[in-house]
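These notes concern the structure reproduced below.
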Amino acid sequence: MGSPVSDHRGRSQKTPRQADAMRAVLHRGFIETVRWAVAQGSTVPCVQDPEGGWTSSDRMQRLSAAARCLECPLLDECRAYTTECPEPDGVWGASLSTSS
């Protein structure tokens, strides 16, 4: 199982298992926020058009998708989620992932 260890500054670090559990909780919370917004009638571009280039291998399509994020009512929430849980692929919070 492992218990948290401290980094060089004495801050507690999560074990990989704890980090995975936290990521799962944050992901569920973000998805619930998206579902709630859609149920309230908000237009969430990546939900409205899931094939809109969000995970395309074409960089220009991803840049176009990122521009559409700027109109999203959940832009701040998406950016906050991605700050805590960096996604390896696609467009999140109007930014391309680090591997894109």
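In segment 46-75, which residues are surrounded by fewer than 19 Cβ atoms within 10 Å (Cβ to Cβ) and either under 25 Å from Gln18 (Cα atoms) or aliphatic (A, V, I, L, M) (or both)?
Once the filter is applied, which keeps residues that are surrounded by fewer than 19 Cβ atoms within 10 Å (Cβ to Cβ) and either under 25 Å from Gln18 (Cα atoms) or aliphatic (A, V, I, L, M) (or both), segment 46-75 yields Val47, Met60, Leu63, Ala67, Leu70, Leu75.
Take the conditions at pLDDT 95 or above and either charged (D, E, K, R) or outside any helix (DSSP H, G or I) (or both) and apply them to Asp76. Does it pass?
So Asp76 passes the test.
Within segment 51-73, track down each residue that is assigned to a loop (DSSP other than H, G, I, E, B) and without any contact (Cβ under 8 Å) to a residue 24 or more places away in the chain.
Glu51, Gly52, Ser56, Ser57, Asp58
Is there a residue being more than 17 Å from Thr82 (Cα to Cα) and touching a residue at least 40 places away in the same chain (Cβ under 8 Å) anywhere in segment 28-50?
No, segment 28-50 contains no residue that is more than 17 Å from Thr82 (Cα to Cα) and touching a residue at least 40 places away in the same chain (Cβ under 8 Å).
Test each condition in (1) over 15 Å from the mean Cα position of the chain (by Cα); (2) more than 28 Å from Gln18 (Cα to Cα) for Trp36 and report the one that comes out false.
(2)
The values are calculated or read from the model by the stated rules, or taken from the named source; none is laboratory data. Everything quoted here is computed from the prediction, not taken from an experiment. So basically every Cβ, Gly included, is an ideal-geometry build from the backbone, and we count neighbours across all protein chains shown.
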